[in-house]
Amino acid sequence: MRVCQVLAGDEEGGLEKHFEELCNRLVSHHEIHVIAHEKYRERFDPKIVFHALDLSKGRRNIVILYQLRQMIQQIEPDILHAHANKAVDMVASIKRFLRPSIRSIATLHSKKRKLKSFERFDHVIGVSHEVLKEVKNPHQSVVYNGIDIAPRMKDPHFLEQFGMKDGFVLCAVGRLEKVKNFPLLIHAVKDLDVKLMIVGEGSERGKLQNLVQDLSLEDKVIFTGFRKDVPEIIVNADICVISSDREGFSYVMAEALLLGIPVVSTDVGDMKKILPKGSVVPVNGERELTETLRFMKEHYQDVVESYQPSFHFAAEHFTLDAMAKQVLSIYSKVLEK
């Protein structure tokens, strides 16, 4: 099977991580061609045939669309797989000029309002049930993102580098941007006897630090900045908290569950399908988040036990092998039609 994967952006995030890891895993099974920005070339397995094309410009750029069409025609794939809205829109606009036998797949990574282009594909993959709710294409499947993470043991001294020698520790990981709604979490912990580690960088860092100062929480809330040892931080925390306004699929949630750490989250993505009852609070639900964290701290051992099905679910669904196996199954079914 010859598969052509298309990525239109030039950014760094969960989408790009998913794209790279999926392609690198699939090349063990089939011939994989990648069309993406030159900056990503070195991230792919040498067995992958990389085609550099800057698709980060306007999605209606006639010259770029012509180049994309020519490149796909030269590759002659059996499967053409476009990732996220921009690539999907671009492929949809040239699809009628491609060889009719090419089967097309589109992956939706987050909730979007404009989904018309997804109707033109033979199959749509969503990273959660939630993102697929408004997609009208009847041929759709959920494939959760997979990650590669080795088991880790808790280190009783690891958090000392952040000034934490004891206490109940919460961690929150992500870009410090509005969509992650860290102010909700900061307000939620102000009256709790806990420590909060906020891991990441972003444009909202100054505002968040000012909020912590205004609430006199400097001894309770710690900003670590960007870290390469995020799994070590997560596994040495007691609870991982996600306070986002929206999420397609949360890699942080997947990492925490694979490491055996309970997750509390706002009601985003498929959290209610994955986490135990009572661990998902309303978006912007400060009071509910406070009470949930208070309860979990006071009943921690029972809480950990209640998460065993979620830990098992993660082990079954959130690995790279599980993700690749499901995608390959979809490719085969689409080719059989």
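The values are calculated or read from the model by the stated rules, or taken from the named source; none is laboratory data. As the structure is a prediction and not an experimental result, all values here were calculated from the model. Here the Cβ is made from the backbone with ideal geometry for all residues, glycine too, and neighbour counts use every protein chain on show.
Within segment 271-285, being in contact (Cβ under 8 Å) with a residue 12 or more places away in the chain and touching a strand residue (DSSP E or B) at 6+ places or on another chain (Cβ under 8 Å) holds for Met271, Leu275, Ser279, Val280, Val281, Pro282, Val283, Asn284, Gly285. Tallying residues that are among the aromatic types (Phe, Trp, Tyr), closer than 24 Å to Cys4 by Cα and not in a helix (DSSP H, G or I) within segment 304-331 yields 1. Among the residues of segment 159-183, which ones are of a type in the set (Asp, Glu) and either under 23 Å from Glu232 (Cβ atoms) or part of a strand (DSSP E or B) (or both)? Residues satisfying the conditions are Glu160, Asp166. For segment 304-331, which residues satisfy the criterion of being touching a residue at least 60 places away in the same chain (Cβ under 8 Å) and more than 18 Å from the chain's Cα centre (by Cα)? If the condition is that a residue be touching a residue at least 60 places away in the same chain (Cβ under 8 Å) and more than 18 Å from the chain's Cα centre (by Cα), then Leu328, Ile330, Tyr331 are the ones that fit.
Just to confirm my filter: which strands (runs of 3 or more DSSP E) fall fully inside segment 1-70 and include at least 3 residues that are hydrophobic (A, V, I, L, M, F, W, C), in contact (Cβ under 8 Å) with a residue 24 or more places away in the chain and within 26 Å of Gly200 (Cα to Cα)?
none
Within segment 116-141, being in contact (Cβ under 8 Å) with a residue 60 or more places away in the chain and among the β-branched types (Val, Ile, Thr) holds for Ile125, Val127, Val131. Once segment 103-126 is narrowed to residues that are at pLDDT 90 or above and among the basic types (Lys, Arg), the residue that is surrounded by the fewest Cβ atoms within 10 Å (Cβ to Cβ) is Lys116. Residues in segment 73-102 that are among the aliphatic types (A, V, I, L, M), crowded, with 16+ Cβ neighbours inside 10 Å and in contact with a helix residue (DSSP H, G or I) (Cβ under 8 Å, 6 or more places away or on another chain): Ile79, Leu80, Ala82, Ala84, Val88, Met90, Val91, Ala92, Leu98, Ile102. Looking at segment 184-266, none of the helices (runs of 4 or more DSSP H) lying wholly inside it contains 3 or more residues that are within 21 Å of Phe295 (Cα to Cα), at pLDDT below 95 and among the polar types (S, T, N, Q).
One line per residue, one yes/no per condition, for (1) in contact with a helix residue (DSSP H, G or I) (Cβ under 6 Å, 6 or more places away or on another chain); (2) of a type in the set (D, E, K, R); (3) not assigned by TED's automatic domain parsing to the domain that holds Glu255:
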| position | (1), (2), (3) |
| --- | --- |
| Leu170 | no, no, no |
| Phe182 | yes, no, no |
| Asp191 | no, yes, no |
| Ser203 | no, no, no |
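Exactly one residue among Asp45, Asp89 is acidic (Asp, Glu) and closer than 25 Å to Gly146 by Cβ, and that residue is Asp45.
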